[in-house]
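**Student:** Provided herewith is a single structure, encoded as structure tokens, for subsequent inquiry.
Just so you know, all these numbers are worked out from the coordinates, no wet-lab data involved. This one's a predicted model, so the numbers in the text were calculated from it and none came from an experiment. Because the Cβ atoms are built from the backbone with ideal geometry, glycine has one as well, and the counts that use them run over all protein chains shown.
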Amino acid sequence: MVDWPHSPIHRLSDAGVYMVTAGTYRRQPFLAGGEHLTLVRDMLFAHAAKLRWQLQAWAVLPNHYHFIAQSPPCPATLRTLIQQLHGATAHALNATDRRPGRRVWFEYWDSRITFEKSFFARLKYVHLNPVKHGLAENAERYPWCSAAWFAREANRSFQRTVMSFPIDRLKVVDMECGGSPPL
């Protein structure tokens with residue numbers, strides 16, 4: 001297979017756990033404000049469920065999002081998930097903002113997580129992403145990420161394991177968030 005060097009590579013042949021990051025066009029904070037963040041978060045939940053992707057972690061920020069999910073038997077449905085999510089959210093955001101035809105999303109990056117330690121570190125990274133970007137002092141109080149759900153639903157020993165992993169050397173595509181926090 002020859003890779004196209006000008007866009008992210010999407011290899012979706014093996015079922016497993018994937019991490020996905022998507023950014024807004026020109027890193028603009030199109031998702032700033034609770035209504036926009038809630039719209040994208042809720043549509044992510046709906047489209048993932050419809051295509052049988054089981055979310056493990058998520059963070060929706062003003063100019064990008066991350067999620068980690070267990071794929072269904074056919075992981076190629078990730079393309080459909082992203083296309084439907086981006087199409088539906090762009091249409092709804094543009095209608096709300098009265099900006100028909102505006103380009104909202106740019107690219108997305110995905111990677112299959114094949115090592116347990118990498119899985120734990122990436123879970124922690126996504127749960128804490130709002131803190132990393134200065135949008136919250138405590139990720140559990142940021143309603144557009146999975147930190148509160150994780151603290152409430154995961155057993156304590158698993159939480160301790162995940163939170164013990166360092167994330168300072170992770171190589172994750174991420175965007176800087178500009179502007180003031182939406183909280």
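**Student:** When the range 157-171 is examined, which residues are found to be under 19 Å from the mean Cα position of the chain (by Cα) and not in a loop (DSSP other than H, G, I, E, B)?
**Tutor:** Val162, Met163
**Student:** Applying the selection to the range 57-80, what residues are crowded, with 21+ Cβ neighbours inside 10 Å and either more than 16 Å from the chain's Cα centre (by Cα) or in a strand (DSSP E or B) (or both)?
**Tutor:** Ala57, Trp58, Ala59, Val60, Leu61, His64, Tyr65, His66, Phe67, Ile68, Ala69, Pro75
Yes/no matrix, rows are residues, columns are (1) part of a helix (DSSP H, G or I); (2) surrounded by fewer than 19 Cβ atoms within 10 Å (Cβ to Cβ):
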{"position": "Gln84", "(1), (2)": "yes, yes"}
{"position": "Tyr108", "(1), (2)": "no, no"}
{"position": "Arg112", "(1), (2)": "no, yes"}
{"position": "Ala136", "(1), (2)": "no, no"}
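**Student:** Just one of (1) surrounded by fewer than 15 Cβ atoms within 10 Å (Cβ to Cβ); (2) over 26 Å from Arg160 (Cα atoms) trips up Lys117, so point out which.
**Tutor:** Answer for Lys117: the failing condition is (2).
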